Amino acid sequence: MQIKANHLTYTYMKNTPFETNAIDKLDLMIPGEQFTSIIGHTGSGKSTLVQHFNGLLKPTDGSIKIGEWTVKSDTKQKLLYPLRRHVGMVFQFPEHQLFHETILADVAYGPMNFGFSKEEAEKVAKECLANVGIDDQLFDRSPFDVSGGQMRRVAIAGVLALDPELLILDEPTAGLDPEGQEMMMKLFHDWYEEREERSIILVTHQMEDAARYSDEVIVMDGGNVIDRGTPRQIFAKKAELEKIGLTVPESVQLLEALQAHSESELNTSAFTLEDTVESILSFLHKKGRD
Amino acid sequence: MFDNVIIGQYVPRNSLVHKIDPRAKLLAILLFIIFLFISRHPVVLSLAIVITGTTFILAKIPFRYYIKGMRFIAILIFFTFLLHLFMTREGTVIVDWPWLTVYSGGVVEGSLIALRLFLLVLMASLLTLTTTPIDLTDGMERLMKPLKRIRVPTHELALMMSIALRFIPTLLGETSKIVKAQMARGANFSEGSLWKRLKSLIPILIPLFVQSFKRAEDLAIAMEARGYGGGEGRTKFRQLRWKRNDSIAIGVFVMFALLTIVFGFIE
């Protein structure tokens, strides 16, 4: 789903002594059917921006077009419900949204809001729970009875159950252990690959995730987009990123250190383990030949 | 979403009212509230209006911000006014329809109660708008000290109040986040019958309760880990100091109280 922001401005606590512009006259186009990451320092406006993508926030000024929906400051809430059917959103710590008596009912809550019958909703819920790796023995347990990692997967199943076209992820791996983080990202990536029309927008502090999974990376600072490009292009600009409090993936840091130390050229834009090993190996081969 | 809530909110400003000792503020407001409801003499009421207005101007709180936060209270005050308007059966009949009679006493009573409530809310919210939660707690604890003799847990009461105040913004933030998360899952809070709307609040209230209990537990552990052991033998780094302005402020409110009593006798 294509997104187009036109002079988008969002002001927090307007007309109070605490008034601040979180987003300032932003123009942005994000093409559909791609995996986009948004990176930026805390307070750069990235979370505020993505909450416009499913109409949770309405622009204070300017407008935003998501697929066929246009949202302005005076757009009626009612018109935004169908939009939320197509744009799913996983918040930071999504397990905080669990409330139902059983895991199955919690996941079925979304579909039932959009008019599914109980049987249909439960059928969808079961599929989604299986996809995120929740055992069917747990379906009738309370969502507050299972482990933290399982709670998060249940909550994510609750969002996927709406079968959105565009999935927005706002730091979905925060607070998970490294293995859990990797599993979670893989789950999202698999979901994305499953169908052609699906897109993902990921807000993250993990440069490794942004580098590894995205087709395009958008860099935000001070409520505006300051740069965008492929992970290769963006993470080649270490100095610029560090100026706004960001960094490059660890693999890039390692290869750049190696390059500086040995004073020879090597490929520094490797974001997976395999690519990194490859780059080091070809460096060693070259060294051996010299 | 909850941008307009001003309960418990502190607005940092460099004003006369901000600098007044919290004990003086608490006492002054206590006096004001008690005596505001004693007399209905026009002189006393206009004095109350002048005092409230002056305090408000001195506090340098932006008027527009304040008005936005008062919207909900205004509805409550309006309903109280209507109740008094229709329920009072005194004075002469002004409106006499088959289904509705309004007496002149109703208009007077309704306006009086609305005015008093308005002044009361204005003053009370000025207290939290101009006093940091820490100062407020210190002030309360000091004022309640005499009660300690009769084994009232004053320190604990003050602590409870400051924790409650401290967590209002946190709770509002939490609520706003959960509301958004459920809206993203298609929750609809503004359509359907009253019963349906009430039921739509369950997905917000349950996570909110769960979170609050968790937070309370975390807070208790954090306090114990840092050796908190109640108020016994605890000394204070920040001492409250009574200044001349504090005496003047109290003086104004004592004068108001005295005048109220005097005019009460004249009536």
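Readers should treat all values here as calculations from the given coordinates under stated rules, not as data from a laboratory. These numbers were taken from a predicted model, which means no experiment stands behind them. So basically every Cβ, Gly included, is an ideal-geometry build from the backbone, and we count neighbours across all protein chains shown.
What the table shows:
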read-out: Order of B:Trp242, A:Trp191 - criterion: other Cβ atoms within 10 Å of each residue's Cβ, fewest first; value: B:Trp242, A:Trp191
read-out: Where trypsin sites (Lys or Arg not before Pro) fall in DSSP loop in the range A:27-78, at most 11 other Cβ within 10 Å; value: A:Lys76
read-out: Shielding score for A:13-19, defined as the mean number of other chain Cβ atoms within 10 Å; value: 6
read-out: Taking the C-alpha atoms of the range A:105-232, convex hull volume expressed per residue in Å³; value: 133
read-out: Ranking of A:Val132, B:Val50 by count of other Cβ atoms within 10 Å, fewest first; value: B:Val50, A:Val132
read-out: The protein assembly as shown, Cα convex hull volume normalised per residue, Å³; value: 233
read-out: Nearest-20 debye value, chain B charge dipole, Cβ charges on Lys, Arg, Asp, Glu; value: 820
read-out: Inter-chain Cβ neighbour average for residues B:186-195, partner chain, 10 Å; value: 3
read-out: Cβ neighbours within 10 Å from other chains - mean over A:88-99; value: 5
read-out: Exceeding the 31 Å Cα-Cα cut-off - candidates A:Lys118/B:Lys177; A:Lys65/A:Lys186; A:Lys72/A:Lys237; A:Lys46/B:Lys199; value: A:Lys72/A:Lys237; A:Lys46/B:Lys199
read-out: Top of B:Met140, B:Met87, B:Met123 by mean-square fluctuation, Gaussian network on chain B, Cα under 10 Å; value: B:Met87
read-out: Estimated [θ] at 222 nm from DSSP helical runs (n ≥ 4, -39500 (n - 2.57)) normalised by residues in the protein assembly as shown, nearest 500; value: -17000 deg cm²/dmol
read-out: Most fluctuating residue given options B:Ala220, B:Ala28, B:Ala74, as computed from a GNM of chain B linking Cα atoms under 10 Å; value: B:Ala220
read-out: Which of B:Pro62, B:His84, B:Ile113, positive extreme of dipole for the range B:47-160 (C-beta unit charges); value: B:Pro62
read-out: Cβ-placed point charges (K, R +1; D, E -1), dipole of the range A:3-248 about Cα centre in debye, nearest 20; value: 920
read-out: Gaussian network model of chain B, springs between alpha carbon atoms under 10 Å - residue of B:His18, B:His155, B:His41 with greatest fluctuation; value: B:His41
read-out: Segment A:Asp163-A:Lys123, length gained on full extension (0.36 nm per residue, minus Cα span); value: 13.1 nm
read-out: Antiparallel DSSP beta bridges within chain A, percent to nearest 5; value: 55
read-out: Ordering of B:160-170, A:277-287, A:205-215, A:16-26 by burial proxy (mean other Cβ atoms within 10 Å per residue, highest first); value: A:205-215, A:16-26, B:160-170, A:277-287
